[in-house]
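Q: First, the structure itself, so that you have it in front of you.
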Amino acid sequence: MNKKKMTRREMFRYAGAATVAGAAALIGARLPGVAEAAEPPAAPALPKIPRRVLGKTKETIPILLMGGGMKFDPNFDPRLAEGLRFGVNYVDTADCYAGGASETGVGGFLAKTGKRKEMWITTKSCNHTPEGLTRTLRQSLERLKTDQVDLLYMHQLEHEKFLAPDMADCAERLKKEGKIRFFGFSCHHGNVAELLTKAATLPWIDSIMFKYNFRDYGNDKLNRAIDAAHKSGIGLIAMKTQGSAVSFEDGVKKFEEKKFSRHQAVLKAVWADERITAAVSHMETLDKMKQNIAAALDKTALTAAELNELHRYADATQHLYCAGCQHICNACVPAGIQIGTTLRYLMYHDSYAESAKARQYFAELPAEARRIADVDYSAASAKCPHHIDIAKHMHRAAEVLA
Ligand code: SF4
């Protein structure tokens, strides 16, 4: 076979091959109704994206991870195959993602391809008691069609009280039973810094996945906590790396660099932080996956001008960026309303062009969380540390999501 190395130009041409047919050709799959070529063209040798060591686990993982709530086709999901071709062999899922369909989809892929040994599987439990977590892990292993996950996280940890000795015992037991290799937690609400700082004192926490993006560079409290966790050997994974605003202003909407899109640039900004092992990305489409893989393959660092542009964008959209600290604003509105969650779904709608997903997620909220139209948000706005005009955005959410 005529193999050759993929050049940088080809990497970005790869990222531009966004059609399903183009993607299928790259994957080597045949689409229904498309005749099989008699002689497939010689494929270039594919580069693998860089890998880094995940802290005290001493295992290497790719710097780009697939997950963050992705729902996978249980018959065969081409994104899992495409990721593997470029070394994205780490899948992040959770018991609660897509009502279990995320885990089931990964399980279907593993059963069909027999690729379990080639892949790193992380799952998460929304239950933070030892008994509950053990129970949901059993269910996760069944859905994933495997006897062991590589990493189990307590999902969306919000309070240090769950980092208790009985959970340490539980993690140890699950490791001894061979059901998990490593243990940790994910967090993305207001107390991320406190949780990282506490975890740095706990030898049984192997890894943490937490909200981190280019907007956090000036956050001294968070950076001290990251330093402490990193020095203690905890493997750190960034999520919510896009740091997108609820809606873009015209002046920054068309942010594009010469070499990278804004979405690629913010990933590179996270990878520039050597304390962070990897960034998890919700790659809804093959096209988005191609863009992310191209950014990971390209070793060009962001220039000072590009970093400045990101910081300018962060400043310009600060009042539109919801940090998810909804324990602050929810206390000022009728019980059940979830301002931060609703604004996140509005972001999917307005900033990610994922309107169907945004409406579906909103529809799955409890009825009291969807009664958002005739509410006085003035007290919530007054408390918001980002000075978000909550009424304006919640009223828009009522229009486009309800
Ligand atoms: S609206 Fe403000 S207070 Fe509420 S979650 Fe977002 S940033 Fe935090």
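Q: Please name all residue pairs, on different chains or six or more residues apart, with Cβ atoms under 6 Å, provided the first residue is in region 224-249 and is surrounded by fewer than 19 Cβ atoms within 10 Å (Cβ to Cβ) and the second residue is at pLDDT 95 or above and part of a loop (DSSP other than H, G, I, E, B).
A: Matching pairs, first to second residue: A228/A200; S232/A200.
Q: To continue, here is another question. What's the number of the only condition in (1) under 14 Å from S186 (Cα atoms); (2) at pLDDT 95 or above; (3) not hydrophobic (A, V, I, L, M, F, W, C) that R138 fails to meet?
A: (1)
Q: Ok, one more. Restricting attention to region 116-145, which residues are in contact with a Leu (Cβ under 6 Å, 6 or more places away or on another chain) and more than 24 Å from I234 (Cβ to Cβ)?
A: Scanning region 116-145 gives R116, K145.
Q: Still on this model: In region 381-402, which residues are under 26 Å from the mean Cα position of the chain (by Cα) and either part of a loop (DSSP other than H, G, I, E, B) or within 11 Å of the ligand (Cβ to nearest atom) (or both)?
A: C384, P385, H386, H387, I388, I390, H393, M394, L401, A402
Q: Restricting attention to region 366-376, does a residue exist that is surrounded by 16 or more Cβ atoms within 10 Å (Cβ to Cβ) and within 26 Å of the chain's Cα centre (by Cα)?
A: Checked against the condition, which is being surrounded by 16 or more Cβ atoms within 10 Å (Cβ to Cβ) and within 26 Å of the chain's Cα centre (by Cα), region 366-376 yields at least one hit.
Q: Residues that are loosely packed, with under 14 Cβ neighbours inside 10 Å and farther than 23 Å from T317 by Cβ: does region 339-357 have at least one?
A: Yes, there is a match, as at least one residue in region 339-357 is loosely packed, with under 14 Cβ neighbours inside 10 Å and farther than 23 Å from T317 by Cβ.
Q: Moving on. Against the definition (within 13 Å of the ligand (Cβ to nearest atom), surrounded by 21 or more Cβ atoms within 10 Å (Cβ to Cβ) and in contact (Cβ under 8 Å) with a residue 24 or more places away in the chain), how does Y321 come out, yes or no? Full working, then the answer.
A: Working: within 13 Å of the ligand (Cβ to nearest atom): yes; surrounded by 21 or more Cβ atoms within 10 Å (Cβ to Cβ): no; in contact (Cβ under 8 Å) with a residue 24 or more places away in the chain: yes.
For Y321, the condition - within 13 Å of the ligand (Cβ to nearest atom), surrounded by 21 or more Cβ atoms within 10 Å (Cβ to Cβ) and in contact (Cβ under 8 Å) with a residue 24 or more places away in the chain - is not met.
Q: Tally up the residues in region 347-380 that are within 11 Å of the ligand (Cβ to nearest atom) and in contact (Cβ under 8 Å) with a residue 60 or more places away in the chain, please.
A: 1
Q: Moving to a separate point now. Where residues in region 153-192 are at pLDDT 95 or above and basic (K, R), which of them is farthest from the ligand (Cβ to nearest atom)?
A: Checking each candidate, the answer is K176.
The values are calculated or read from the model by the stated rules, or taken from the named source; none is laboratory data. What you see is a predicted model, and the numbers here were worked out from it, not measured in a lab. Here Cβ is always computed from backbone atoms with ideal geometry, including for glycine, and neighbour counts include all displayed protein chains.
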